[in-house]
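Step one of this worksheet: look at the structure below.
Just so it is clear, none of the values below were taken in a lab; they were calculated from the coordinates. Predicted model, so just to flag it, every value in this text is computed and none were measured. Backbone-built Cβ (ideal geometry, glycine too); neighbour counts: all protein chains shown.
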Amino acid sequence: MNHSLDCRIIEAMNSECIQSSLDILSGTPVFRGTRVPVQTLIDYLEGGDSIDVFPGDFPTGTRPQIIAVLESARAKLLSA
């Protein structure tokens, strides 16, 4: 996935799933209420890992949050 597409997806996300604040990782989009970058999830998935592996390495990124982010991205991509 290219960087510009990543940015468009993240910008379109539901604010309940993702937050971006200059106070948290200099504005990097993260899972709401965490310091876990959404890009890290994308990297895991691109690397072939399942969504079940991610929370084991990043416990503050829960499965429901992961599903919400992916569902939001899917909805935005399909509506484009």
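Among Glu71, Glu46, the ranking by other beta carbons within 10 Å of each residue's beta carbon, starting with the fewest, stands as Glu46, Glu71.
Taking 0.36 nm per residue of separation and subtracting the current Cα-Cα distance, fully stretching the chain between Thr40 and Lys76 would add 11.0 nm. In terms of surrounding Cβ atoms within a 10 Å radius of their Cβ, Asp23, Asp43 rank from fewest to most as Asp23, Asp43. Given their separation in residues at 0.36 nm each and the Cα-Cα distance between them, Ile51 and Ser26 gain 6.4 nm when the chain is fully extended.
Put in order of Cβ neighbour count within 10 Å, fewest first, the listed residues Phe31, Phe58 become Phe58, Phe31.
Each residue of the range 44-57 was assigned a 3J(HN,Hα) from its phi angle through the Karplus curve 6.51 cos²θ - 1.76 cosθ + 1.60 (θ = phi - 60°); the sequence is 4, 5, 5, x, x, 6, 8, 5, 6, 7, 4, x, x, 8 Hz, with glycine and proline shown as x.
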